[in-house]
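**Q** This is the structure I have questions about; it appears just below.
Coordinate-derived values only; no laboratory data. Here the structure is a predicted model, which means the values were calculated and not measured. All Cβ positions, glycine included, derive from the backbone under ideal geometry; neighbour counts span all protein chains shown.
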Amino acid sequence: MKKKDFFKIANKKFQSRLIVGTGKYKNFEECAKAVKASGAEIVTVAVRRVNIFDKKKPLLMDFLNPKKITYLPNTAGCYNSNDALRTLRLAREIGGWKLVKLEILGDKKTLLPDMIETLKSTETLTKEGFKVMVYCNDDPLMAKRLEDMGAVAIMPLAAPIGSGLGIQNKTNIEIIRKKINVPLLIDAGIGQASDASIAMELGCDGVLVNSAIAHSKNPAVMAIAMKHAVIAGRKSYLSGRMEKSFFGIATSPKKGII
């Protein structure tokens with residue numbers, strides 16, 4: 001019997017390779033519908049932006065049951081190591097979360113990662129027992145350094161956060177795939193379902209999508225599209241594509257021609 005193709009991260013198995021962000025939706029109801037439609041088993045939660053603590057206000061937990069779906073606290077909105085560390089320590093203290101997503105931005109215009117602060121924080125968090133999934137640039141050498149520091153997943157951007165530009169540097173993503181052994185997930189820049197499929201065909205283990213779903217005209221339908229795109233891209237990658245050729249090759253047999 002063929003071995004089931006689980007998505008495994010930090011020794012936990014998941015069926016879905018699509019991770020969905022919970023920000024940028026009109027409300028929690030819309031978010032919950034999109035997550036359900038996507039089939040995602042992991043959702044990212046911006047600890048500094050999404051209410052998961054103040055019981056006087058609507059709680060994300062009332063719409064997405066943390067007992068049925070894995071919450072991945074992230075440090076969206078942090079621009080230095082101190083803020084990121086404080087945010088994740090707070091998440092662990094209140095919610096007990098140890099599997100986290102580290103995201104430290106370099107500036108408010110590009111939202112590109114500050115890799116110096118990211119490296120420093122990854123090392124500290126790993127020593128403190130966190131299982132760190134790291135948002136980073138698409139530099140293969142930097143990705144390897146993060147793995148060596150103990151990151152449980154490497155999450156390079158496809159393009160700037162929220163841009164929807166799709167994968168801008170396929171070569172680097174393929175090199176990263178060859179250099180690291182931990183899960184590789186595309187984090188930012190996905191704009192449409194075909195982008196997610198391409199990411200999986202490049203050998204990525206998963207894709208994180210937020211803006212492309214939340215900002216679409218019909219988030220629940222786009223979530224379904226992303227779900228199937230990830231599945232199709234994964235199957236395409238595992239199947240092994242045909243060799244490329246610059247010349248035409250006849251598809252029908254040459255023997256027995258009338």
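**Q** So, in the stretch 1-35, how many residues would count as being touching a residue at least 40 places away in the same chain (Cβ under 8 Å) and either more than 15 Å from L185 (Cβ to Cβ) or polar (S, T, N, Q) (or both)?
**A** 11
For every residue, the table says whether it meets (1) buried (at least 24 other Cβ atoms within 10 Å of the Cβ); (2) touching a helix residue (DSSP H, G or I) at 6+ places or on another chain (Cβ under 8 Å).
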site	(1), (2)
K101	yes, no
T110	no, no
I116	no, no
L125	yes, yes
N137	no, yes
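**Q** In the set A232, A223, which member is touching a helix residue (DSSP H, G or I) at 6+ places or on another chain (Cβ under 8 Å), buried (at least 18 other Cβ atoms within 10 Å of the Cβ) and not in a loop (DSSP other than H, G, I, E, B)?
**A** Just a single option satisfies the conditions, and that option is A223.
**Q** Tell me, please, whether a residue that is closer than 24 Å to M226 by Cα, polar (S, T, N, Q), touching a Pro at 6+ places or on another chain (Cβ under 7 Å) and assigned to a loop (DSSP other than H, G, I, E, B) can be found in the stretch 130-147.
**A** yes
**Q** Has the stretch 7-21 got any residue that is over 20 Å from the mean Cα position of the chain (by Cα), closer than 25 Å to M226 by Cα and exposed (fewer than 15 other Cβ atoms within 10 Å of the Cβ)?
**A** Taking every residue of the stretch 7-21 in turn, none turns out to be over 20 Å from the mean Cα position of the chain (by Cα), closer than 25 Å to M226 by Cα and exposed (fewer than 15 other Cβ atoms within 10 Å of the Cβ).
**Q** Restricting to the stretch 80-93, give me the number of residues that are in contact with a helix residue (DSSP H, G or I) (Cβ under 8 Å, 6 or more places away or on another chain) and either surrounded by 17 or more Cβ atoms within 10 Å (Cβ to Cβ) or of a type in the set (A, V, I, L, M) (or both).
**A** Adding up the residues that qualify gives 4.
**Q** Now for a separate question. Kindly provide the set of residues from the stretch 189-211 that are small (G, A, S), over 13 Å from L18 (Cα atoms), free of Cβ contacts under 8 Å to residues at least 60 places away in the same chain and surrounded by 18 or more Cβ atoms within 10 Å (Cβ to Cβ), ordered by number.
**A** G189, G191
**Q** Of these, V182, V230, which one is under 29 Å from L141 (Cα atoms) and touching a Leu at 6+ places or on another chain (Cβ under 7 Å)?
**A** From the options V182, V230, the qualifying one is V230.
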